1. Leaving out same-chain residues fewer than 8 places away, which lysines sit with a Cα under 27 Å from that of Lys258?
2. Give the calculated FRET efficiency between Ala2 and Gln339 to the nearest 0.05, with a Förster radius of 22 Å applied to their Cβ-Cβ distance.
3. If you average the C-alpha positions of the stretch 179-241 and of the stretch 263-341 separately, how far apart do those two centres end up, in angstrom?
4. If you wrap a convex hull around the Cα atoms of the stretch 173-240, how much volume per residue is inside, in Å³?
5. Can you find, among Ile140, Gly214, His169, the residue sitting farthest towards the positive end of the charge dipole of the chain, where Lys and Arg contribute +1 and Asp and Glu -1 at Cβ?
6. Based on other C-beta atoms within 10 Å, arrange His90, His146 from fewest to most.
7. At a Förster radius of 56 Å, what calculated FRET efficiency corresponds to the Cβ-Cβ distance of Asn282 and Arg21, to the nearest 0.05?
8. Percent antiparallel among DSSP beta bridges with both residues in the chain, to the nearest 5?
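Rule-based calculations on the coordinates, nothing more; no lab input. Quick caveat: nothing in here was measured; it's all calculated off a predicted structure. Virtual Cβ from ideal backbone geometry, glycine too; neighbours counted across all protein chains shown.
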Amino acid sequence: MATRTVDLRSDTVTKPTEAMRAAMATAEVDDDVFGADPTAVKLQSEVAKMMGKEAGLFVPSGTMGNLISVLVHCDVRGSEVILGNNSHIHIYENGGIATIGGVHPRPVKNNEDGTMDIDLIEDAIRDPRGELVYPTTRLICLENSHGNTGGRCLPVEYIDSVGELAKKHGLKLHIDGARIFNASVALGIPVDRLVQAADSVSVCLSKGIGAPVGSVIVGSETFITKARRLRKTLGGGMRQVGVICAAALVALQENLIKLEGDHKNAKVLAEGLNQIKGLRVNVAAVETNIIFFDIVEGSKISGEKLYKHLVERGVFVLLEGPSRMRIVLHHQISSSDVQYTLSCFQQAFSGLQEENGN
Ligand SMILES: *Cc1c(COP(=O)(O)O)cnc(C)c1O
């Protein structure tokens with residue numbers, strides 16, 4: 001059995017710190033379905049202020065945050081949303097916007113950097129003169145940082161341009177900002193500036209920031225009033241929710257400043273992995289805390305075998321395909337964990353050459 005655990009499966013795996021547990025134990029609470037829980041109210045207004053928006057709403061998950069946001073903007077049947085074909089909303093949320101919300105998705109190709117070409121977005125906007133046959137475009141969704149492309153950051157100029165396009169056509173802009181703080185830190189752009197063009201943003205607290213549970217969606221007062229009602233409809237109205245909001249408040253205080261370190265650790269790890277003969281990492285694409293990498297073709301070690309070797313040594317990663325892996329850094333991974341992880345990888349490759357006897 002491994003004596004050490006290095007959990008790199010995701011930044012969702014962090015455990016609440018002592019300070020978070022202490023804050024949870026003493027949190028002031030009340031019934032939040034009545035909007036009366038003071039700790040939830042504090043968290044919501046704090047996140048809204050950070051994001052430069054009027055109001056915020058705590059929701060149990062990022063998936064619910066995105067679903068509610070899309071449904072508020074597309075509250076008329078026959079609405080269509082333009083989103084990335086490789087976006088979290090399109091791929092990993094059970095198609096909820098369609099199956100629950102009756103919203104038609106119009107996927108546009110995501111580039112390797114997580115953007116969609118502005119021309120392609122504009123081409124995808126339906127001509128209102130075709131209303132006899134077309135759904136009505138009402139919303140554009142962006143994702144920042146973009147998870148499936150390896151945590152790439154959408155630059156502020158790009159977001160502003162998409163915002164202008166949305167305005168020109170009378171559309172809303174939602175940003176899936178599950179890792180918006182990572183993007184803000186990596187780009188060196190204040191987060192409120194980064195999302196200035198957005199009508200709504202969904203922000204995960206249980207990823208890079210390291211809270212145990214939850215997301216906050218932010219937008220105008222009107223948006224949040226409608227969102228609150230939808231949250232109740234979806235079963236996301238919670239009672240003494242201040243118990244978990246208290247941990248999130250501590251997470252914001254403790255961990256925002258650690259994101260830069262996570263990004264540095266990711267770079268070190270990516271560079272180290274890329275030096276191993278048999279692995280290929282696009283180091284330049286590692287902009288935040290996510291690393292995707294491949295076992296090169298012709299390598300004698302399979303993904304499964306490598307995965308097993310790592311697990312036996314207490315190193316947990318995600319196997320994304322037969323020869324593709326994903327690693328995500330977070331505040332509970334130290335630089336010594338990074339070195340240990342690298343040594344386990346190195347051992348796997350050198351060990352295997354011996355085993356193959358040539
Ligand atoms: C994690 C994530 C979400 C939502 O995740 P939940 O697990 O539902 O909290 C949404 N968008 C992106 C880009 C994510 O990475």
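1. Lys15, Lys42, Lys49, Lys53, Lys207, Lys267
2. E between Ala2 and Gln339, to the nearest 0.05, is 0.90.
3. So the separation of the two Cα centres works out to 30 Å.
4. 100
5. Highest projection toward the positive end goes to Gly214.
6. His90, His146
7. The computed FRET efficiency comes out at 0.90.
8. The antiparallel fraction comes to roughly 50 percent.
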